[in-house]
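Below: the structure, in structure tokens.
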Amino acid sequence: MTNSIAEIEQSECMLVVGSNTTEAHPVLALRMKKAMRGGAKLLVVDPRKTWLAERADVHLQIKPGTDIPLMNAIANVIISEDLHNKQYVESLTEGFDEMKLAAAEWPVERAAATCEVDAGDIRKAARLYAAYKHAGIYYTLGITEHVCGVDNVRSLSNLALITGHLGYEATGVNPLRGQNNVQGCNDMGNNPVYLPGYQEVADGAAREKFSAAWGQQVSEIPGRRLDQMLDGLHDESIKAFFVMGEDPIVSEPNVEHVHVGFKKLELLISQDIFLNETAKIYADVVFPATCFAEKEGTFTNSERRVQRVRKAVDAPGEARTDLQIIFDLAKELGHDWGKAQPSKVWDEFARLSPNFSGINYARIEESGIQWPCPDVSHPGTKFLHEGAPIRGKGRLYPLDHIKPWEEADDDYPLTLSTGRTLYHYNAATQTLRNEGHREKQPKSFVEISAEDARELNIADKEEIVVQSRRGSIVSWAKVSEKVRKGVIWMPMHYAEASVNILTGDGKDLKVGTPEYKLCAVRLHKP
Amino acid sequence: MPTNTLTINGEQVAVLQGESLLDACAKMGISLLTACHDNRLEAYGGCRTCLVDLDGAPRPVPACKTLTSAGMVVSTSGEQLETVRATIDEMLECIPAAALETWTDANRFIGYDPQQCIMCDRCVRYCDEIMQCNALEHVGQGVDAFIQPTQGDSFLDTSCELCGGCIGTCPTDALYSKQSLKVFNEQSDAVLSSTRTVCNYCGVGCVIDIESQGNNVIDIDAQTGVGPNDGHLCSKGRFAWQFINHPQRLTKPLVRNTESGELEETSWQNALSIAATKMLDIKQRHGADSLAFLASSRCTNEDVYALQKLARAIIGTNNVHSCAAT
Ligand code: SF4
Ligand code: SF4
Ligand code: SF4
Ligand code: FES
């Protein structure tokens, strides 16, 4: 997030895109609810009628996968009605003319037709977003899990830049992270092209620094992204896979294909707190690890705040902390790193990463600090881009509509979209073990509009088969006003009806994020 | 912001406009008892626990609901005040008789004990103002009053989101966590402790307190004024902790028996040695870039830093990524 969670309360206008915030980030949504009570305007872009959408000043219930035409049209209205921040655009951005031309390709009426929303609503949303100073954009997987995920995000940053909505409280462009430590995992360099602290593998000086610190030469060959690793299973260029706390055969799209790849592996090492599905079938070695309540360390939340994680109880049996396991394995591989001490590991990272150098365990004992925090006298950073964008000038991008990887057609006439619900979490290995949560939402369901249900002669709660070109699963119909005609929605949490059996190979053309959000399906009775 | 100066117990204090007498007292280090007050909710002034004497007012005023203004003269102790406070204490103690037979509910999270309820309505107001779920209601009056899910339905069938915020704000044990009651062992003399840490579900990063009895987690709670969450939690953060002490947890390393194809328990030394030998062998035969490492965005910063370091500094590959790069 460019901004902080607490600031949301001061919002005058919130543009929530593809985020079912009250279910996926419930406590952050409380700040939004508070802002709404205070009279803040709410604009929601979502194919589903979410809790927020029902209460929004404008709900743009777009056809899934049409975010760019919509954002282009909004930019277009803002520019053509002269509502943009000319001073900001002139002095602090680049690429305005190209961006403006690209946006002009999407007049409101054309976008309204493509997105299947009301033209007047697009205008209204554009005017409201531009009118308020404290206007922030909030988005999540709904926007990134598409073939055009990166461009979707750029279409949002375009809006923030042309209005100058950046660099002060309760504004900016704010991705809400799904898992607790997505932010930290990226910060720490678990990325094929970034070393810790976002220092590029391609940068020779950065490589030298880490090589010197680690006493080993860091390879200059860029690594593989997860999707490329999975591809590597098929052409056998990847022979060994170390999987920490993840369950790829449940969580990755196009499951059948993933199975074929895993069968070819020579070595799979799994480190987890439960025996997950991937490990059950494919692991050669399984290390029993510890959960968050059993170890010391830090997590970094969506607002870049590094906070202390502390041990409350002992791990069961012989389970060891993840850090201990990696240190033990390092030693077995011939490198003795000494005692596995979380605070020392943090200090090593912070010393090598300038944006984090000012953070240490003593400073975050009472409360967390938001990076960038370059030195120990720095208080941390509540919002980014103060005064000017970090890179000097904010880049505006000319963008155009990119069609989804798979669109509904005569054979598969419905678009399936997937997501999280309030009561469960991802593959639900943790929440489905809670009796109370299982009870509130015991089994998989398919939200379908009353119109589609009538046409297909499907009754509420009826058992149905959802079929895509990759496979089929059984689930239960939930006739709902939340989805629009032509679109069905399913939660991603249930192993027995794993939606990833249905989803395809579509992935973001730039960063490889899988297109979980949509694929074409049909429904029939079992 | 404009400030006002007032006098409390003979001393002067400056406060911001819009602050209450309760805030002013807090600034001076005087902590008044409160019951119906939660500073995340709109001031209510229903229970009268926080009464103070205000010069010029005909009777004591509730500090939580009285806004400060310049020149106020306030006293927080005195004989008359003590008498009134004692009476209020008694009133709060009194049990709503009819409420003894109120609802029990099928949900596994939230329980209600009317005998403990002081009818301060914090739960109802929390649900209305903060959650905006309107899932609780105050029924009846006086000694017949009690709290129930709207229209007497089960929490499972109302707009309740099972956040447990009503439990969190309840100043007594009237609303309680059923899960905690189930695992708490009164007989045990295992140490009770509270550990401040961070929720492991979503990226909001709510600060939580894990309450444990020996090695068992018995509750998760949050404190007002702490962390990005200010004491709020969602259903996952507050209640989804059964997995921690779950019997299916892995407790020993496993290796696959090459003959039977089954995973079998083994020693750490054996598991580590098999893993390391195979990794080095594959590196030698196919090169460092034939190994891939997938970090978990559920693990700590330190865990995943160490993993990428192992991949880069020991194996010699940049093949490190995580499942949710979003
Ligand atoms: S659990 Fe949350 S939503 Fe349900 S009644 Fe209590 S405060 Fe309201
Ligand atoms: S249940 Fe608790 S919060 Fe609700 S009215 Fe009774 S005492 Fe107050
Ligand atoms: S309590 Fe809920 S909102 Fe807070 S971090 Fe946990 S899952 Fe996220
Ligand atoms: S705490 Fe002030 S009236 Fe209840």
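Just one of the listed residues (A:77, A:27) is part of a helix (DSSP H, G or I), free of Cβ contacts under 8 Å to residues at least 40 places away in the same chain and surrounded by 21 or more Cβ atoms within 10 Å (Cβ to Cβ), namely A:27.
So if I check each of A:34, A:41, which one is surrounded by fewer than 24 Cβ atoms within 10 Å (Cβ to Cβ) and without any contact (Cβ under 8 Å) to a residue 60 or more places away in the chain?
Within the list A:34, A:41, the selection yields A:34.
Considering the range A:145-253, the qualifying helices (runs of 4 or more DSSP H), each wholly inside and each with 3 or more residues that are at the interface with another protein chain (Cβ under 7 Å from one of its Cβ atoms) and within 21 Å of the chain's Cα centre (by Cα), run over A:182-187. In the range B:174-187, the qualifying residues are those that are surrounded by 15 or more Cβ atoms within 10 Å (Cβ to Cβ) and not hydrophobic (A, V, I, L, M, F, W, C), and the one that is nearest to ligand 2 (Cβ to nearest atom) is B:176. When residue A:245 is tested against (1) under 22 Å from residue A:500 (Cα atoms); (2) assigned by TED's automatic domain parsing to the domain that holds residue A:306, exactly one condition is not met: (2). Collect the residues in the range A:184-205 that are out of contact with any helix residue (DSSP H, G or I) (no Cβ under 9 Å at 6 or more places or on another chain) and either of a type in the set (Gly, Ala, Ser) or outside the structural domain of residue A:342 (by TED's automatic domain parsing) (or both), keeping them in residue-number order. If the condition is that a residue be out of contact with any helix residue (DSSP H, G or I) (no Cβ under 9 Å at 6 or more places or on another chain) and either of a type in the set (Gly, Ala, Ser) or outside the structural domain of residue A:342 (by TED's automatic domain parsing) (or both), then A:202, A:204, A:205 are the ones that fit. Would you be able to tell me the number of residues in the range B:113-134 that are more than 16 Å from ligand 3 (Cβ to nearest atom) and within 19 Å of the chain's Cα centre (by Cα)? Total meeting the criteria: 8. Only a single item in (1) more than 14 Å from the chain's Cα centre (by Cα); (2) farther than 25 Å from residue B:216 by Cβ is not met by residue B:169, and it is number (1).
Residues that are surrounded by 21 or more Cβ atoms within 10 Å (Cβ to Cβ) and more than 16 Å from residue A:33 (Cβ to Cβ) were ranked within the range B:122-139; the one that is farthest from ligand 2 (Cβ to nearest atom) is B:136.
Residues of the range A:56-79 that are small (Gly, Ala, Ser) and modelled with pLDDT under 95: A:65 alone. Of the candidates B:151, B:187, B:179, the single residue that is polar (S, T, N, Q), within 16 Å of ligand 1 (Cβ to nearest atom) and modelled with pLDDT under 90 is B:151.
Evaluation of residue A:371 against the conditions (1) under 30 Å from residue B:225 (Cα atoms); (2) facing another protein chain (nearest Cβ under 9 Å); (3) surrounded by 21 or more Cβ atoms within 10 Å (Cβ to Cβ) shows that the sole unmet condition is (2). Of the set (1) at pLDDT 90 or above; (2) buried (at least 19 other Cβ atoms within 10 Å of the Cβ), all apply to residue B:194 but (2).
Of all the residues in the range A:263-293, those that are surrounded by fewer than 20 Cβ atoms within 10 Å (Cβ to Cβ), more than 7 Å from every other protein chain (Cβ to nearest Cβ) and not in a helix (DSSP H, G or I) number 2.
Note on the range B:146-174: residues that are within 16 Å of ligand 4 (Cβ to nearest atom) and of a type in the set (Gly, Ala, Ser) amount to 1.
I want to confirm something. Restricting to the range A:492-505 and keeping residues that are surrounded by fewer than 23 Cβ atoms within 10 Å (Cβ to Cβ) and outside any loop (DSSP other than H, G, I, E, B), which single residue is modelled with the highest pLDDT? In this case the residue turns out to be A:501.
Is at least one residue of the range A:344-357 without any contact (Cβ under 8 Å) to a residue 12 or more places away in the chain and closer than 23 Å to residue A:302 by Cβ? The answer is yes, given that some residue of the range A:344-357 is without any contact (Cβ under 8 Å) to a residue 12 or more places away in the chain and closer than 23 Å to residue A:302 by Cβ. Among the residues here, residue B:160 does not qualify as under 15 Å from residue B:235 (Cα atoms), more than 12 Å from chain A (Cβ to nearest Cβ) and crowded, with 21+ Cβ neighbours inside 10 Å. If you check B:166, B:199, B:206 for being away from ligand 1 (no atom under 16 Å from the Cβ), within 28 Å of residue B:122 (Cα to Cα), at pLDDT 95 or above and of a type outside the set (D, E, K, R), only one passes: B:199.
Residue by residue, here is whether (1) without any contact (Cβ under 8 Å) to a residue 24 or more places away in the chain; (2) over 26 Å from the mean Cα position of the chain (by Cα); (3) assigned by TED's automatic domain parsing to the domain that holds residue B:222; (4) near ligand 4 (Cβ under 9 Å from one of its atoms) holds:
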| residue | (1), (2), (3), (4) |
| --- | --- |
| B:21 | no, yes, no, no |
| B:30 | no, no, no, no |
| B:40 | no, no, no, no |
| B:50 | no, no, no, yes |
| B:57 | yes, yes, no, no |
| B:67 | no, yes, no, no |
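Of the numbered criteria (1) surrounded by fewer than 23 Cβ atoms within 10 Å (Cβ to Cβ); (2) within 12 Å of ligand 2 (Cβ to nearest atom); (3) within 14 Å of chain A (Cβ to nearest Cβ), the one residue B:167 fails is (1). Look at the range A:51-71: where a residue is touching a residue at least 60 places away in the same chain (Cβ under 8 Å) and over 13 Å from residue A:18 (Cα atoms) and a partner is of a type in the set (A, V, I, L, M, F, W, C) and assigned to a helix (DSSP H, G or I), sitting 6+ places away or on another chain with Cβ atoms under 8 Å, you get A:57/A:128; A:58/A:125; A:58/A:128; A:69/A:111; A:69/A:115.
Annotation note: of A:331, A:339, the sole residue that is in a helix (DSSP H, G or I), surrounded by fewer than 20 Cβ atoms within 10 Å (Cβ to Cβ), more than 7 Å from chain B (Cβ to nearest Cβ) and among the charged types (D, E, K, R) is A:331. When the range B:254-299 is filtered for residues that are touching a residue at least 12 places away in the same chain (Cβ under 8 Å) and acidic (Asp, Glu), the ones remaining, listed by number, are B:265, B:289. Candidates are the residues of the range B:1-31 that are surrounded by fewer than 18 Cβ atoms within 10 Å (Cβ to Cβ) and of a type in the set (Gly, Ala, Ser); the one that is nearest to residue B:70 (Cα to Cα) is B:14. Picking from residues in the range A:506-526 that are modelled with pLDDT of 70 or more and among the charged types (D, E, K, R), the one that is surrounded by the fewest Cβ atoms within 10 Å (Cβ to Cβ) is A:525. Restricted to the range A:46-55, and to residues there that are at pLDDT below 95 and not in a helix (DSSP H, G or I), the residue that is nearest to the other protein chains (Cβ to nearest Cβ) is A:50. Being closer than 19 Å to residue A:334 by Cα and either under 44 Å from the mean Cα position of the chain (by Cα) or small (Gly, Ala, Ser) (or both) is a description that does not apply to residue B:301.
The values are calculated or read from the model by the stated rules, or taken from the named source; none is laboratory data. It should be emphasised that the depicted structure is a prediction, and the values quoted were computed from it without experimental measurement. So basically every Cβ, Gly included, is an ideal-geometry build from the backbone, and we count neighbours across all protein chains shown.
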